[in-house]
Structure formats: C-alpha cells, structure tokens
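Since the structure comes first, as structure tokens, the remarks are kept for the end.
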Amino acid sequence: MNSIFRRVLQGGAVAGLLLGGDLASQPVRAHGSHGGGGEQLQPGEFKLSPIITLEGHGGFENNLENRPQHYAIDGMFGMVMEWGLENEGSFAIEASFGPAFVWGESEHFYGAIHVEEEGHDHEEEEHAHEKGTKWKKTDMKGFIQARYQPNDRLSISAKWMPYFEIGSAESNVGMKNEVGATVVYAFGDGDVNFALGDGLESVIDGIFVSVENRTGWDTQGTYLGNYTDPWLGFGFFVDQLNVTLTGGPRFYSPGSYSGLSQRTDWGGEFGMEYPLSENVALFGHWKPIYSTAGGTGWGKGWSHHVGTGVTFSF
C-alpha cells in the first residue's frame, strides 16, 4: 500500500490540527505513520517507535468580536506501538505529552463561547478575548489514540485529547477534555504522483472519505458540544511532497450553556508533508472553517488555523 494512504488511514492527514478551535495538536503527517514511516508491517510483527513533534501554530477567530487570536509552540514527546495484521491491516496505540508555550488565548474546543454572567466585569470578558501576542503561560497537553485498520482501505480510530491549563493568567485553571472518533475509507491505493506522469485518470486512486465526531468539556466540566465532519478528501504526491485536501460540512450541536441552536458550518484543510530523511519530516497546514450562524458570544464568519513543524521518529 502506498505510504500516502497509510498516512490518511492512520489518522494524521484527516485529523489535522485546528489548534485555534480544537484541543487536538497533531500534525498533518499521520499518527501511526510515525510507527512505520510508510513501512507495512507483516502479520504478527510489532514495532515500537518513539516520536517527537515540534510545532508552531496560530488560530484566528475572525468571526468573533475583537477577533481573538491564539499562538503557541508545542513540544510533544511520545511513542507509537503498532502490530501488523492480516490483509495489510494493523492495530496501533499512540500516546504523547508535552508543553505548550502560549501567546494570547489558550486552545479551546471549536465553537466554545464566553458566557457573561450577570454582574460579570465586562473588562475581564474583553481580557479573555484580547488579541495580544504577549507570552502568557506554559500549559501541558496530551494525546492518546487507538486505531484499528482491518485492511488497506478502512480505518477506525478513537482518541482522547486532555489539555491542562496551568500557571494561567486567566481564571480558568484545570483540565479541558476532548474525545473523538474517526472512520476513514479509501477508494484507491493512493498511488498518485503527478511528478511521475500520473494524470486525471489516476485521481480516483487518491480519493477518500472520512467521518469524524468530536466532543468537548471545559475546565469546569461544562459540556461544550459536539460536531461531526463527513468530509471528502484527495491525497497525492508531487515527487516526495505529500499533499492532502479535505472539505465538507460540519454539523455542530452546541452545549446548552451557550443558548445557541444547532447549525451546519463548512470547512476544509490543506496539508503538506515533506520528508527530509527516513525519520524526519516537515509538515504544514491551513484549516479554515466558516460558521453559518451567530448569537450571543458567537459570530457568523471565518475562523482559521495555520501551523508548521517537524516530526522525528526513531
């Protein structure tokens, strides 16, 4: 199986980054591909791969008043344990943990709003939505994922993404939580490389579909809501450059705390990865989301996240 679909099926290109609106902090390169670098494990074969990911990223919520921004530099340290199965399948567990050096707002679940209580100091509310790029604090974040791939076309994964707000200049200190589940189906083998002469007739080999659901809670345990992304994707190579495009609707159900109604947003992601060696890869991405409805503490319009970094696997 081509390595591009190992990356897609193992969750990286689809999971993406959305750090300006989600707690997930994983690069476009696949989770699990760290554990094989595109190498297909034989049935019964086991591989343990330590991984280090360094990333700088920014989130821009242009749909909100004052247009709050988020910047951070993350250092994630962990490992991937992967077992080879029959039919080119595999099972993998990935865990990573590390610091996030935060400028501006800290990360939060997509669509989370600041609810202003009666008598609440409006100046404090604006402080929570300020634009400033002044360094604020160092948080800690984690990522745990289990992925089952029964064959070379289908992947099922579940993940937990805790985020620990510590040493905060804000009042909300504690642990945020986000959980997710993803199903990916690839229509072809991913063997599309335009630098080798592949044309439009090969496009179907790079097409896949994914359905992802995520649910989030804040540091006080408040249920923030959940969303489901049924997205269409296309992955291809230009020589060694791995490019992945995804997009589609986002069916969002906000928590009752917000007073907002269900809505359908739209979004997508453009991701790239370039290997510098067998164990080192550069990555970058841009993920825009368009909110179709506003309300108290929320607005209609675009939010964006961009990020770039490097991953080392050993």
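The set of residues in the stretch 56-78 that are among the hydrophobic types (A, V, I, L, M, F, W, C), crowded, with 18+ Cβ neighbours inside 10 Å and farther than 30 Å from A293 by Cα contains only M76. Each residue in the stretch 281-314 was checked for being under 22 Å from G78 (Cβ atoms), open to solvent by less than 50 Å² (accessible area, probe 1.4 Å) and hydrophobic (A, V, I, L, M, F, W, C), and 3 pass. Which one is nearest to Y223 (Cα to Cα), of the residues in the stretch 252-274 that are among the aromatic types (F, W, Y) and either within 17 Å of the chain's Cα centre (by Cα) or surrounded by 19 or more Cβ atoms within 10 Å (Cβ to Cβ) (or both)? Checking each candidate, the answer is Y252. All conditions in (1) modelled with pLDDT of 95 or more; (2) aliphatic (A, V, I, L, M); (3) surrounded by 15 or more Cβ atoms within 10 Å (Cβ to Cβ) hold for L232, with the sole exception of (3). In the stretch 210-229, the residue that is most open to solvent (accessible area, probe 1.4 Å) out of those that are β-branched (V, I, T) and over 19 Å from T292 (Cα atoms) is V211. Within the stretch 79-118, the residues that satisfy the criterion of being open to solvent by 80 Å² or more (accessible area, probe 1.4 Å) and modelled with pLDDT under 85 are E116, E117, E118. Somewhere in the stretch 278-288, is a residue under 20 Å from F60 (Cα atoms), in contact with a His (Cβ under 6 Å, 6 or more places away or on another chain), of a type in the set (D, E, K, R) and outside any loop (DSSP other than H, G, I, E, B)? Yes: the stretch 278-288 contains one or more residues that are under 20 Å from F60 (Cα atoms), in contact with a His (Cβ under 6 Å, 6 or more places away or on another chain), of a type in the set (D, E, K, R) and outside any loop (DSSP other than H, G, I, E, B). Checked against (1) under 27 Å from S313 (Cβ atoms); (2) touching a strand residue (DSSP E or B) at 6+ places or on another chain (Cβ under 8 Å); (3) of a type in the set (G, A, S), S277 passes all but a single condition, namely (2).
The values are calculated or read from the model by the stated rules, or taken from the named source; none is laboratory data. In this text the structure is predicted, and so the values were computed from the model without any measurement. Note that each Cβ is placed from the backbone with ideal geometry, even for glycine, and that neighbours are counted across all protein chains shown. The accessibility values were calculated without ligands, DNA or RNA, using every heavy atom of the protein model including side chains. Shrake-Rupley method; radii C 1.70, N 1.55, O 1.52, S 1.80 Å.
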